[in-house]
Amino acid sequence: VPQHVWRINLDTPEEAHQNLSFGAADRWWEQTDLTKLLLASNKLQCLSEDVRLLPALTVLDVHDNQLTSLPSALGQLENLQKLDVSHNKLKSIPEELLQLSCLKSLLLQHNELSHLPDGFGQLVSLEELDLSNNCLTDIPASFALLVNLVRLNLACNQLKNLPADISAMKNLRQLDCTKNYLETVPSKLATMASLEQLYLRKNKLRSLPEFPSCKLLKELHAGENQIEILNAENLKHLNSLSVLELRDNKIKSVPDEITLLQKLERLDLANNDISRLPYTLGNLPQLKFLSLEGNPLRTIRRDLLQKGTQELLKYLRSKIQDDVTTPSGEPPVTAMTLPSESRVNMHAITTLKLLEYSEKQAAVIPDEMFDAVRSNPVTTVNFSKNQLNEIPPRIVELKDSVCDVNLGFNKISSLSSEFCMLHKLTHLDIRNNFLTSLPEEMEALTRLQVINLSFNRFKVFPSVLYRIIALETILLSNNQVGSIDPLQLKKMERLGTLDLQNNDLLQVPPELGNCETLRTLLLEGNPFRTPRAAVLAKGTAAVLEYLRSRIPT
């Protein structure tokens, strides 16, 4: 910074020496002291201690430079209200900075700060503080003294927890903790009565806090965490909430109390483990955006999800009446993509009825997993993404309770006849294995509704499937199946989805057109000539109609 900038209040301007007939505009002795200094987007590597010669400064902006430190003289700028030192290379903040009792806005984002001075809370006038994109691992306890803070941004640091005292910030309206390592949020946070926007995305949260006092909270963003359970308690006080974003978590169900959020406008639940929704969701009066894709929803067809929010809400409303007249039992939680835990998770076994050992690259399932079940009835088993060569023999111990089994992404080459004793099985996911056939004993699985055999090595359509009458969905894509028997398929009166994409079908038998229960028939990626791609693109109904027209009379 040129020296005369620092001395601008002291030195007589050059022109005063030359021009002796002063006009009113040039009365330099009436100049006021400099109040704003903007030095942003230069290549400054340091600031001179001479900054103290500008005591009237209210705004100092040096963002986007190459500063590695700040001069201690900054502490003498007692009128400073806004200091922007963001986008530099600062590793620390001088203690003297804490003397700036008038400072209202302090922007420190995008630096290399790994700690803050303990006395940070002395900056009692602060209303806006941005510390995002640094390397902070903790927050000084004195933060609690920043009672005038309105906006606090801690995003993109390395925080493992927040001090509970942060709840003393009674005026805080916006708190951003996106992309840290938070596993919990202090329960006291729920007493922050002014909070309007809370960002907790991309952390390691397993649950949401309850928010009894946050009556003004309008936006809650908690996507990309590991939240498994959404309780009524988490929601019921949030009368003002208009945005609830929980995408990319592991939530399994949505409580009916979500309908208490009468001001909700956006609800994002994409990519969770939700298998059913309260139909009363359709009654939320302000809801304009609802995202549900990437969930194993049993009751909502995928094509409906793609039609947009209004169609979806209309459908949910239409089902409310049915729900009242035929109270259906809760369908079992799906195991298609449940979260992975290391050791035995007794909570999952007892509360979620889930036995899980996935993504461990294990060749066998440890006995302790089965031992832990004991007398607890487990409905869901997830052993996906391991190196299993065979079905774990002890799975038969669960035969009286298990309905949903996920063995996808292993190296299993055959199903054992013992496996066929799981007589309550409704959902079986065994995609991405080495299967070439299924045992005839599978006929005993009379309740099986959904089977996923994609990415295996079947050369023929497994004939035993024709005899499992309860089947509603058969997923057989990416195998080498060469033919299907339309007459047998027609007998399967509940079959709604048949996926045969990317197989070796040389022809599609016209009689398949008589399987009128099929709502989704997927045949792309096979070597047959007809029906042509243009017909396939028109959807299932058109394909079936085309096939019927080809049946020889």
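Each residue of the range 420-435 was assigned a 3J(HN,Hα) from its phi angle through the Karplus curve 6.51 cos²θ - 1.76 cosθ + 1.60 (θ = phi - 60°); the sequence is 6, 8, 6, 5, 9, 4, 10, 10, 10, 10, 9, 5, 6, 10, 10, 6 Hz, with glycine and proline shown as x. Of the residues 543, 365, 426, the one whose Cα sits farthest toward the positive end of the charge dipole of the range 346-549, with +1 on the Cβ of Lys and Arg and -1 on the Cβ of Asp and Glu, is 543. Taking a straight line from the alpha carbon of residue 36, these aspartates and glutamates sit under 18 Å away, with near neighbours fewer than eight places off in the same chain left out: 11, 49, 50, 61, 64, 78, 84. The order of 221, 87 by accessible area, most exposed first and with a 1.4 Å probe, is 87, 221. Residue 437 contributes an accessible area of around 70 Å² to the protein surface, as traced by a 1.4 Å probe with all chains present. When the solvent-accessible area of the chain is split by element, carbon and sulfur atoms take up 48 percent of it, the probe being 1.4 Å. Using every pair of separate Cα atoms, the Kirkwood estimate puts the hydrodynamic radius of the chain at 28.3 angstrom. Relative contact order, whole percent, for the range 346-549 stands at 11, derived from Cα pairs under 8 Å and 6 or more residues apart. If you sort 135, 515 by accessible surface, 1.4 Å probe, largest first, the order is 135, 515. Residue 82 sits among other residues whose Cβ lies under 15 Å from its own Cβ, and their net charge, with Lys and Arg +1 and Asp and Glu -1, is -3. Per residue, the chain exposes 47 Å² of solvent-accessible protein surface, assessed with a 1.4 angstrom probe and all protein chains in place. Computed from backbone phi, the HN-Hα couplings of the range 158-173 come to 10, 6, 9, 8, 10, x, 4, 4, 4, 5, 6, 6, 5, 9, 5, 9 Hz, rounded to whole numbers (Karplus: 6.51 cos²θ - 1.76 cosθ + 1.60, θ = phi - 60°; Gly and Pro given as x). Karplus-based coupling profile of the range 499-511, in residue order and whole Hz: 10, 10, 4, 6, 10, 10, 5, 7, 8, 10, x, x, 4, with θ = phi - 60° in 6.51 cos²θ - 1.76 cosθ + 1.60 and x standing for Gly or Pro. Once all protein chains are placed together, residue 184 keeps about 90 Å² accessible to a 1.4 angstrom probe. Listed by chain and number, the lysines whose alpha-carbon sits under 20 Å from that of residue 204, ignoring those within fewer than 8 places in the same chain, are 160, 179, 188, 250, 252, 360. Which angle between 0 and 90 degrees, to the nearest 10, do you get for helix 540-549 versus the longest principal axis of the chain when only C-alpha atoms count? On a 0 to 90 degree scale, this one is about 30. Using a probe of 1.4 Å, the accessible surface attributed to residue 156 totals some 40 Å² when neighbouring protein chains are kept in position. Leaving out same-chain residues fewer than 8 places away, which aspartates and glutamates sit with a Cα under 20 Å from that of residue 263? Leaving aside aspartates and glutamates fewer than 8 places away in the same chain, those within reach of residue 263 are 196, 210, 219, 233, 245, 311.
Between 0 and 90 degrees, the angle of helix 309-325 with respect to the longest Cα principal axis of the chain falls at about 50 degrees.
At an R0 of 45 angstrom, the distance between the Cβ atoms of residue 288 and residue 72 translates into a FRET efficiency of 0.30.
The values are calculated or read from the model by the stated rules, or taken from the named source; none is laboratory data. If you're wondering where the values come from, they're calculated on a predicted model, not measured in any experiment. Counting neighbours? That spans all protein chains shown, and the Cβs are built from the backbone with ideal geometry, glycine included. Side chains are part of the model used for accessible areas, which takes the heavy atoms of the whole protein and leaves out ligands, DNA and RNA. Shrake-Rupley method; radii C 1.70, N 1.55, O 1.52, S 1.80 Å.
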